[in-house]
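Enquirer: The structure is given below, and queries will be raised subsequently.
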Amino acid sequence: MELRHIKYFLAVAEELNFTRAARRVGIGQPPLSNQIRDLEEEIGARLFRRLSHGAELTEAGQVFLPEARAIMARAEHAKALALRAARGELGRLRLGFTGSAAFSPIVPSAVRSFRRAYPEIDLTLQEAYTTLLLERLDAEELDAVFIRPGRADPPGFRTHSLGEEAMVIALPSGHPLADAAALPLSALSAEPFVLFPREAGPSLFDGIIAACRHAGFEPILGQIAPQITSLANLVAVELGVSVVPSAVAQIRVPGVTYIPISGDGPVARLALATRRDERSAVVQNFVARVLADKNSQG
């Protein structure tokens, strides 16, 4: 039994006339009669009584009619769902982000506007180190990730640049330099640095080290924070100083002062990464939403 048989049956059942039903479905009357006969043979019962002025449903046809309508309704519903999924209106989005990326205004804005535009998408969020996010993206455990990349795109991925931001110095509020309007990195040459693990953000970590070397000193590596968002707490208890993306300065921890870097300083890039061969309409819609939000924010 095929959907066309159900379609033809419904046309005859509603018109109660083979000629009008044939005109309605766009085929000749003899082929329509043959299709109905094939359906009756498959079911094993007559569905219509042929009359001189048209047709009427048999008892079997009357029972079959509501079921046939339900079948066609389900088929139309399935078709509509498939089309919506093809447009990226249904499905899932597994999104990853680094701790520092979450503080960029682009990230929460894009996620919020995407959820409003596509409320039926099953959206899940996962925070992790950059290296782990890329591993999960490559393994198809995540669909898109907000990362802090280096100057070159990670191999095997497509990245969409979302801009750069300056980095700032984080000092204990009681530090002798905490009242400065701005400081060169060289002012920290004798200070122990509180940094995040390199695997949390290799490009960000390497950029800080390279900037210190460019300023003429090798940074003293002290306490390692479990993640970038923990840095402020370690600086507050005077375990050292740090350098963080300016967006992270939103973390207002008592005992921490953020100071701009004068002269050359490291910058933090933000990007959205997807698999290079990604074809999901959901992911493509999300990328478009992120880029639109970036452009709207200048």
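Values in this text are rule-based calculations from the coordinates and carry no lab data. Given the structure is predicted, the values throughout are model-derived calculations rather than measurements. All Cβ positions, even for glycine, are placed from backbone atoms using ideal geometry, and neighbour counts span all protein chains on display.
Enquirer: Between helix 29-43 and the chain, what is the angle of the helix's C-alpha long axis to the longest principal axis, kept within 0 to 90° and rounded to the nearest 10?
Expert: Computed tilt is about 80 degrees.
Enquirer: Oh, and also: Against the longest principal axis of the chain, how steep is helix 3-15, in degrees 0 to 90 to the nearest 10, with axes from Cα atoms?
Expert: 50 degrees
Enquirer: If I model a spin label as a point 7 Å beyond the Cα along the Cα-Cβ vector, how far apart are those points for Glu140 and Ser173 in nm?
Expert: Output for this residue pair reads 5.2 nm.
Enquirer: Along the charge dipole of region 255-298, Cβ charges K/R +1 and D/E -1, which of Leu291, Ile261, Ser280 sits furthest on the positive end?
Expert: Ranked along the dipole, the leading option is Ser280.
Enquirer: Report, in debye and to the nearest 20, how large the dipole of region 1-153 comes out about its Cα centre when Lys and Arg carry +1 and Asp and Glu carry -1 on their Cβ. Could you put the intermediate results ahead of the total?
Expert: Numbers: 22 positive and 21 negative charges, 126 e Å.
I would put it at about 600 debye.
Enquirer: When the Cα centres of region 228-281 and region 182-201 are compared, how far apart do they sit, in Å?
Expert: The two parts, judged by their Cα centres, are 12 Å apart.
Enquirer: Percent relative contact order of the chain, based on C-alpha pairs within less than 8 angstrom and at least six residues apart?
Expert: 21 percent
Enquirer: Taking 7 Å along the Cα-to-C-beta vector as the label spot, tell me the Val63-Leu3 distance in nanometres, rounded to one decimal.
Expert: Distance between label points: 2.7 nm.
Enquirer: Could you compute the FRET efficiency for Asn295 and Ala181, with r as their C-beta to C-beta distance and R0 at 41 Å, rounded to 0.05?
Expert: So, using R0 = 41 Å, E works out to roughly 0.80.
Enquirer: If you don't mind, another one. Let me have the 222 nm mean residue ellipticity of the chain computed from DSSP H runs of 4+ only, each contributing -39500 (n - 2.57), with the sum over all residues rounded to the nearest 500.
Expert: Per the formula, -13000 deg cm²/dmol.
Enquirer: Oh, and also: Obtain the radius of gyration and the Kirkwood radius of region 55-121 from its C-alpha atoms and give Rg over Rh.
Expert: Ratio of gyration radius to Kirkwood radius for region 55-121: 1.40.
Enquirer: Could you give me D for region 159-279, from Stokes-Einstein at 37 °C and 0.692 mPa s, where the hydrodynamic radius is the Kirkwood radius over C-alpha pairs? Units µm² s⁻¹, please.
Expert: It comes out at roughly 223 µm²/s.
Enquirer: Right, here's the next one. Charges only on Cβ, +1 for Lys and Arg, -1 for Asp and Glu: so what's the dipole of the chain about the Cα centre, in debye to the nearest 20?
Expert: Charge dipole of the chain: 1140 debye, to the nearest 20.
Enquirer: Using only the alpha-carbon atoms of the chain, report the extent along each of the three principal axes, biggest first, to the nearest angstrom.
Expert: For the chain, the Cα spread along each principal axis is 106, 35, 32 Å.
Enquirer: Comparing Arg276, Arg213, Arg46, which has the greatest mean-square fluctuation in the GNM of the chain with Cα pairs linked when under 10 Å apart?
Expert: In the Gaussian network model the winner is Arg46.
Enquirer: Now for a separate question. Let's test the formula: R0 of 25 Å, r as the Cβ-Cβ distance of Met72 and Ser52. What FRET efficiency results, to the nearest 0.05?
Expert: For Met72 and Ser52, the calculated efficiency is 0.30.
Enquirer: Angle check, please: helix 106-117 long axis (alpha carbons) against the longest principal axis of the chain (alpha carbons), in degrees 0 to 90, nearest 10.
Expert: Helix 106-117 sits at roughly 10 degrees to that axis.
Enquirer: Would you kindly derive the ³J(HN,Hα) couplings of region 280-287 from the backbone phi angles with the Karplus curve 6.51 cos²θ - 1.76 cosθ + 1.60 (θ = phi - 60°), listing them in order in whole Hz, with x for Gly and Pro?
Expert: 5, 5, 4, 5, 4, 5, 5, 4
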